[in-house]
Amino acid sequence: MKIYKFLIIAFCFFNSFAQNSKPKLVVGIVVDQMRYDYLTRFEARFSDNGFKKLMYNGFNCKNHHFNYMPTYTGPGHASIFTGTTPENHGIIANNWFDKFKNESVYCVQDNSVNPLGTASNKERMSPHRMLSTTFGDVNRLHTQFKGKTIGISIKDRGAILPAGHSANHAFWFRGEKEGAWVSSTYYSNELPKWVIDFNAKKLIGKYLKEWNTLYPIASYTSSGTDDNIYEHGFKGKEKTTFPYDLKALQEQNSGFSILKSTPYGNSIVTDFAVEAIKNEELGKDSITDVLTVSYSSTDYVGHNFGVNSVELEDTYLRLDKELARLLKSLDKQVGKGEYTVFLTADHGAVHVPQFLKDNKIPAYYVDKESFKEGIDTFLQTTFKDEKILKNISNQQLFLDYKRIKEAKLSLDEVTKALQHYLTQQPNMQYVFTRSELVKRNMTNIVGKLVQNGFHQRSSGDIAYVLTPATISYSKTGSTHGSPQAYDTHVPLLFYGNGIKKGKTFKKTQVNDIAPTVSALLGISAPNATTGKILNFVIED
Ligand SMILES: [Zn+2]
């Protein structure tokens with residue numbers, strides 16, 4: 001009896017000790033273009049060690065949403081890790097019109113830095129346009145820069161924005177003829193030796209093989225038929241059906257870049273992340289490190305083949321295996337219970353509208369060219385000047401202030417007339433003016449999402465929202481960007497050190513993730529955080 005009591009006391013002591021220790025490593029996993037319902041749609045064939053390990057041994061926030069538009073990759077990754085929205089972090093899209101420079105800019109492009117690991121000038125990238133800190137930045141400051149931060153993704157923006165400003169490294173994949181992991185001089189003067197060695201092994205070449213379904217194709221009952229009219233496919237192959245001979249198709253599809261649009265793009269990311277954990281000694285001491293891993297091939301496959309495709313189902317069944325491989329490596333390298341993982345997405349996706357139409361669900365396409373022509377004609381007839389409109393991008397209109405002034409027109413009058421014109425167009429759900437958005441008193445639910453995505457300096461003069469399932473896109477493949485539920489509802493799973501087991505239907509939002517991770521680590525929230533701490537996921 002006495003021994004029994006002693007064992008209970010000893011267990012409680014060690015248990016409380018374990019609970020009080022901080023995670024040695026936080027791993028933030030982003031799956032690019034993952035709708036929440038992919039967890040339930042494909043669950044029957046997920047293994048116990050991938051998605052389901054996080055779903056049932058961690059905390060599953062089942063009603064997790066983006067709280068702004070536009071729901072794109074750049075803003076998505078920035079918002080997850082900064083705990084705020086484009087209104088504050090300034091990443092208002094992937095590419096946007098810089099009205100002060102009169103040119104389109106890319107969210108992570110930075111011509112003041114040089115590429116590493118490639119001679120291509122296309123890889124000059126840094127997080128300089130992001131205006132606020134990530135939880136990785138705060139952890140760096142908190143640990144006197146002893147806690148490391150590393151960002152990894154096929155996409156440059158998927159690696160750079162999550163890792164933040166003070167990251168040790170961010171690595172992304174360069175396809176084309178190179179097939180190598182690259183970075184920029186923003187982080188260091190040269191690539192770490194292990195990255196140079198990894199690239200020299202040319203392991204990536206082994207993925208230029210046949211992409212066939214993981215299981216017999218007849219068993220893919222959670223998707224439509226393989227041969228259908230809603231898929232884009234690869235150049236050089238007429239039918240969008242399995243198998244895809246990647247070696248044969250690579251020539252016409254930008255060399256190694258073809259791998260991005262296959263599940264093997266995710267395998268490449270896992271290979272490299274496992275290597276990074278080992279070589280950077282992440283989670284080896286008691287000072288918390290941060291690793292961000294973004295799986296982007298899901299997005300490329302979604303754009304190419306659509307939400308309902310067999311290709312997409314196969315990509316998720318294979319991603320489940322990649323996740324299991326990553327978790328296994330974390331168990332081995334960092335230790336079971338020593339690390340904390342969260343998994344989420346940067347946005348969801350719409351079913352191919354043509355597929356919806358063919359199945360009696362309202363869905364529409366807006367042709368970009370005729371949309372713009374209509375506005376120009378309206379401006380010509382109303383104000384005798386068809387060039388008042390400078391740019392349309394990311395569901396926003398930018399007006400030419402100089403021209404309006406020279407023509408002695410009132411900016412307010414032009415804006416209001418345009419707003420009225422747009423509200424009369426088919427498939428227009430809402431139209432908001434700059435002055436409405438900067439007042440910060442939006443009570444309309446969708447309007448609030450537009451406002452959260454609206455940066456007062458760099459955003460446009462009019463923002464519009466199209467009706468549900470309306471896109472400006474090709475009739476094949478899926479896309480995203482709207483404030484509608486199919487784009488905002490994504491998974492949020494927490495697992496590991498300090499995380500309770502459980503689930504909730506309570507609404508959680510993208511900007512809640514960073515303050516929650518910060519609370520878990522006992523550090524300040526990132527500097528522009530607007531989210532709340534999800535205290536119900538954290539162990540007492
Ligand atoms: Zn996308």
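The values are calculated or read from the model by the stated rules, or taken from the named source; none is laboratory data. Just so you know, these numbers come straight off a predicted model, no measurement behind them. For neighbour counting, all protein chains shown are included, and Cβ atoms are generated from backbone atoms with ideal geometry for every residue, glycine included.
Would you check which residues across the range 284-309 are part of a loop (DSSP other than H, G, I, E, B) and under 30 Å from His351 (Cα atoms) and list them?
If we filter the range 284-309 for residues that are part of a loop (DSSP other than H, G, I, E, B), which is where we start, we get 284-288, 296, 306-309.
Of everything in the range 284-309, those that are part of a loop (DSSP other than H, G, I, E, B) and under 30 Å from His351 (Cα atoms) turn out to be Ser296, Gly306, Val307, Asn308, Ser309.
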Which count do you get for residues in the range 235-279 that are assigned to a loop (DSSP other than H, G, I, E, B), crowded, with 19+ Cβ neighbours inside 10 Å and either among the β-branched types (Val, Ile, Thr) or more than 19 Å from the chain's Cα centre (by Cα) (or both)? 2
If the Cβ limit is 7 Å and pairs must be 6+ apart or interchain, which residue in the range 226-252 that is at pLDDT 95 or above pairs with which residue that is among the aliphatic types (A, V, I, L, M) and part of a loop (DSSP other than H, G, I, E, B)? Tyr230/Val352; Leu246/Leu208; Lys247/Leu208; Gln250/Leu208
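Inspect all residues belonging to the range 239-260 and state whether any of them is under 30 Å from Val27 (Cα atoms) and in contact with an Asp or Glu (Cβ under 7 Å, 6 or more places away or on another chain).
Yes, that holds for at least one residue.
To keep it simple, each residue is scored yes or no on (1) more than 22 Å from Pro243 (Cα to Cα); (2) in contact (Cβ under 8 Å) with a residue 60 or more places away in the chain; (3) assigned by TED's automatic domain parsing to the domain that holds Thr73; (4) not polar (S, T, N, Q).
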| position | (1), (2), (3), (4) |
| --- | --- |
| Val269 | yes, yes, yes, yes |
| Val290 | yes, yes, yes, yes |
| Tyr295 | yes, yes, yes, yes |
| His303 | no, yes, yes, yes |
| Gly306 | no, yes, yes, yes |
| Ser309 | no, yes, yes, no |
The lone condition Lys506 fails out of (1) in contact with a helix residue (DSSP H, G or I) (Cβ under 9 Å, 6 or more places away or on another chain); (2) surrounded by fewer than 20 Cβ atoms within 10 Å (Cβ to Cβ); (3) not assigned by TED's automatic domain parsing to the domain that holds Asn49 is (3)
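Which residue out of Asp98, Asp156 is farther than 30 Å from Pro263 by Cα, in contact with a Ser or Thr (Cβ under 9 Å, 6 or more places away or on another chain) and charged (D, E, K, R)?
Unique residue meeting the criteria: Asp98.
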Name the single residue that is nearest to Lys321 (Cα to Cα) among those in the range 20-61 being away from the ligand (no atom under 16 Å from the Cβ) and among the β-branched types (Val, Ile, Thr). Ile29
Tyr339: at pLDDT 95 or above, under 21 Å from the mean Cα position of the chain (by Cα) and either of a type in the set (Ser, Thr, Tyr) or more than 24 Å from Ala44 (Cα to Cα) (or both), yes or no? no
Quick count over the range 320-350, residues being part of a loop (DSSP other than H, G, I, E, B) and within 16 Å of the ligand (Cβ to nearest atom), is 5
Exactly one of (1) within 16 Å of the ligand (Cβ to nearest atom); (2) within 22 Å of Gly233 (Cα to Cα) is unmet by Tyr365. Its number? (1)
Checklist (1) more than 16 Å from the ligand (Cβ to nearest atom); (2) crowded, with 20+ Cβ neighbours inside 10 Å applied to Thr298, failing item: (1)
Pairs needed: first member in the range 346-357, over 30 Å from Thr292 (Cβ atoms); second member anywhere, modelled with pLDDT under 95 and more than 16 Å from the ligand (Cβ to nearest atom); C-beta distance under 8 Å; at least 6 residues apart or different chains. Val352/Lys475; Pro353/Lys475; Gln354/Lys475
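Criterion first (touching a Leu at 6+ places or on another chain (Cβ under 6 Å) and in a helix (DSSP H, G or I)) does Leu317 satisfy it? Explain how you work it out, then say what you get.
Numbers: touching a Leu at 6+ places or on another chain (Cβ under 6 Å): yes; in a helix (DSSP H, G or I): yes.
In short, yes.
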May I ask you to list the residues in the range 458-482 that are assigned to a loop (DSSP other than H, G, I, E, B), away from the ligand (no atom under 16 Å from the Cβ) and out of contact with any Lys or Arg (no Cβ under 9 Å at 6 or more places or on another chain)? Thr467, Pro468, Lys475
Could you check how many residues of the range 301-312 are within 13 Å of the ligand (Cβ to nearest atom) and either hydroxyl-bearing (Ser, Thr, Tyr) or under 16 Å from the mean Cα position of the chain (by Cα) (or both)? 3
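Of all residues in the range 424-452, which are in a helix (DSSP H, G or I) and either of a type in the set (S, T, N, Q) or in contact with a helix residue (DSSP H, G or I) (Cβ under 8 Å, 6 or more places away or on another chain) (or both)? Break it down into steps so the answer makes sense when it comes.
Let us first name the residues in the range 424-452 that are in a helix (DSSP H, G or I), namely 434-438, 445-452.
Answer for the range 424-452, where residues must be in a helix (DSSP H, G or I) and either of a type in the set (S, T, N, Q) or in contact with a helix residue (DSSP H, G or I) (Cβ under 8 Å, 6 or more places away or on another chain) (or both): Arg434, Ser435, Glu436, Leu437, Gly447, Leu449, Val450, Gln451, Asn452.
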If Leu319 passes every condition in (1) buried (at least 24 other Cβ atoms within 10 Å of the Cβ); (2) more than 20 Å from the chain's Cα centre (by Cα) but one, which one does it miss? (2)
